[in-house]
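Participant: My questions all concern the structure below.
None of the figures in this text is laboratory data; all of them are computed from the coordinates on show. Just so you know, these numbers come straight off a predicted model, no measurement behind them. With ideal geometry, Cβ positions are generated from the backbone for all residues, glycine too; neighbour counts draw on all protein chains shown.
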């Protein structure tokens, strides 16, 4: 510990000796970060929750065609409308990465060789529909970034095709949804970032009074956020719905670090000249804030290792990079700028303070803390004077919270995560309403093995269809056996050669929907608009049907697709939230044990966090906040983030207790008075930063904002109300154990 303090004092020496060079380094890193930020990509929808999966990768490579649908409503059999559809069809067919385009114009051209001028002739082919659909199918294996130009092209071609007045044309589909979601995520990220910064400015202006350059922490943390953008760009971490929540969080946490540096530097300037104040301040506050930062990083790491959901992993990775870089920015930017400012503005005014290291009494230490500091100190002393009563009450409330936790509602449907007024989502809902479709109406099954055209394999597919359609929620099965029977008078040929002859007469693009790259594709039709629970039940039914239909030796079949993978992943993540929290507690405990090598100092900061884990369930229950994939990680985050406040209070307690003629209650009072205001200011500014999430257009982020704001209040309360009694109680136990061991070691 002493070595770490010495290392930070040395860093303080370097910064105060070369502040301009340090600022220049910080600016250079900004330019480097801009290059990384330009490389950031976005991943949206279910794909953000689909982990690496060999079966899904194989299915995507062979059969997973993206789609753009153009819905045309109005007088769709009028010749000018069909010609516009034909122009759109032909132009999109020439577009790169478009696999096929089908439209009513194809049928009319097949019948007449052209688009006739007679609406009667067109109606004789198409009938009198209320709408027409142009289906644009993309190549397999395309990323969302590769699909988006196809959507952009369709929007442009829609205008170019010159549909007649009165005809409504809507471009929708997976690529349209992905493109608009990506734009909304980027817009939301920048808006949340700007809102968080604005709220921080207000918070610092009104709460962080009596210090020089009180808005400087926001500059430092903003630089740290720029560093984070650069880091995730270079690391290849995509932006997603969940990742966009990181930046208000980072602003809140980064402000904590910078405010702690700033406040301690100001405190040391009261007693030391600037050349000594910075090394002393950084040597004193640097290590506990470092441990607090690492604790926060480990809280996010617990989320990382306990989930397979890519979006949550990206969230955790971005958060870990962010807390480290905002911490570094606090030293590089805030302390160096403060040093330059103090030298310029107050040069020579501190020299008289060189002899200010005289021993001070407890009264002296409390003389300059101000009204708020004195109130916090007295309150903490009072609570610490009745440790058993305070801790039993806190424990009872936490126990009630843990009981309530099992009855909290959950948010597992990815459609609930997104803005309900997103144009692409509204268009998709409208498309499904007009065409009679629902969401997630089909799930693919990938069949692999040898001789998949063998009649025995096709007969198994027929058997699978019979078994599956008897199960609840399964409405039908479309398989290569279905295709072969359609083209062979309802019969399966006796030989594989016979199967090949039948398939040879099937159009290539139709055949590739069932057989491609040595694999086969089966589609299961389901009930429309299934709930999350129904999806889980359906997947179990489908897997049971595969097993009970007894696939031939060497043939495997597995339900796949984004919905089939993402839904169980989200449910599993929420159900395992207690495991994630336990990992967070374990990681932080091991960190504190490694740093302090003292069980009391390792356990004490975590006791208030254990209370908060229970209290937050009561808060969620009373406000009706659902547990989301993001909220499932909050337990581990709470331990990591809240440990900052408790560690700083505890460090100051032991620092004061080591002084001459200061007892435990004096140490509690001085610690709460001296750092209570700082952590209250940093906590409130963190609340302001997190509260930006409440205004997010994404329901999952807005809900998380309400949750985090409440939890930060609870961690502040626990740090100032339950940590002092915990320290007094555990410290007393440790002293009695020490005295007992000492008495046993004395000779009789």
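Participant: Highest mean first, how do 587-595, 483-491 rank when packing is the count of other Cβ atoms within 10 Å averaged over residues?
Facilitator: Answer by packing, highest mean first, reads 587-595, 483-491.
Participant: At residue 695 and residue 212, where each label point lies 7 Å from the Cα along Cα→Cβ, what is the point-to-point distance in nanometres?
Facilitator: Between residue 695 and residue 212, the label points sit 3.3 nm apart.
Participant: Do you know the relative contact order of the chain, to the nearest whole percent, from alpha carbon pairs under 8 angstrom that are 6+ apart?
Facilitator: Value for the chain: 20 percent.
Participant: Could you work out how far apart the two model spin labels at residue 441 and residue 575 are, taking each label as a point 7 Å from the Cα in the direction of the beta carbon, and quote it in nm?
Facilitator: A separation of 3.0 nm, rounded to one decimal place.
Participant: Taking only Cα atoms, what is the 0 to 90° angle, nearest 10, from helix 606-623's long axis to the longest principal axis of the chain?
Facilitator: 50
Participant: Follow-up. Once the Cα atoms of helix 274-305 and of the chain are each reduced to a long axis, what angle between those two axes, in degrees from 0 to 90 to the nearest 10, is obtained?
Facilitator: Computed tilt is about 30 degrees.
Participant: Taking a temperature of 25 °C and a viscosity of 0.890 mPa s, what whole-number D in µm²/s does Stokes-Einstein yield for segment 55-179 with Rh from Kirkwood over alpha carbon pairs?
Facilitator: 164
Participant: On alpha-carbon atoms, Rg over Rh for segment 574-709 using Kirkwood Rh?
Facilitator: Dividing the radius of gyration by the Kirkwood radius yields 1.03.
Participant: Taking other Cβ within 10 Å of each residue's Cβ, how do 160, 344, 460, 615 sort, fewest first?
Facilitator: Ordered from fewest to most neighbouring Cβ atoms within 10 Å, 160, 344, 460, 615 come out as 344, 160, 460, 615.
Participant: Measuring from label point to label point, each 7 Å out along Cα→Cβ, what is the residue 135 to residue 187 span in nm?
Facilitator: So the label points at residue 135 and residue 187 sit 3.1 nm apart.
Participant: Arrange the following residues from fewest to most other Cβ atoms within 10 Å of their Cβ: 178, 691.
Facilitator: 691, 178
Participant: Now a separate question. So if each residue of separation counts as 0.36 nm, and I subtract the Cα-Cα distance between residue 659 and residue 99, what length gain in nm does that give?
Facilitator: Going from the current span to full extension adds 193.9 nm.
Participant: If you don't mind, another one. Return the FRET efficiency for the residue pair residue 508, residue 463: r is the Cβ-Cβ distance, R0 is 22 Å, and the value is rounded to the nearest 0.05.
Facilitator: 0.20
Participant: Percent antiparallel among DSSP beta bridges with both residues in the chain, to the nearest 5?
Facilitator: Here the share of antiparallel DSSP bridges comes out near 95 percent.
Participant: Please arrange 374, 153 by how many other C-beta atoms lie within 10 Å of their C-beta, fewest to most. Before the final figure, lay out the partial values.
Facilitator: Details: 374 17, 153 22.
Exposure proxy ranking, most exposed first: 374, 153.
Participant: Ok, one more. If you fit an axis through the alpha-carbon atoms of helix 144-160 and take the longest principal axis of the Cα set of the chain, what angle between them do you get, 0 to 90°, nearest 10?
Facilitator: 60
Participant: What ranking do 571-581, 125-135 get when scored by the average of other Cβ atoms within 10 Å per residue, highest first? Show your work: numbers first, answer last.
Facilitator: Working: 571-581: 19.1, 125-135: 15.2.
Averaged packing, sorted descending, gives the order 571-581, 125-135.
Participant: So, one more: Computed from these coordinates, which is semi-axes √(5λ) of the Cα gyration tensor in Å: (1) 105, 32, 21; (2) 47, 40, 21; (3) 62, 30, 21?
Facilitator: Read-out taken from this structure: (3).
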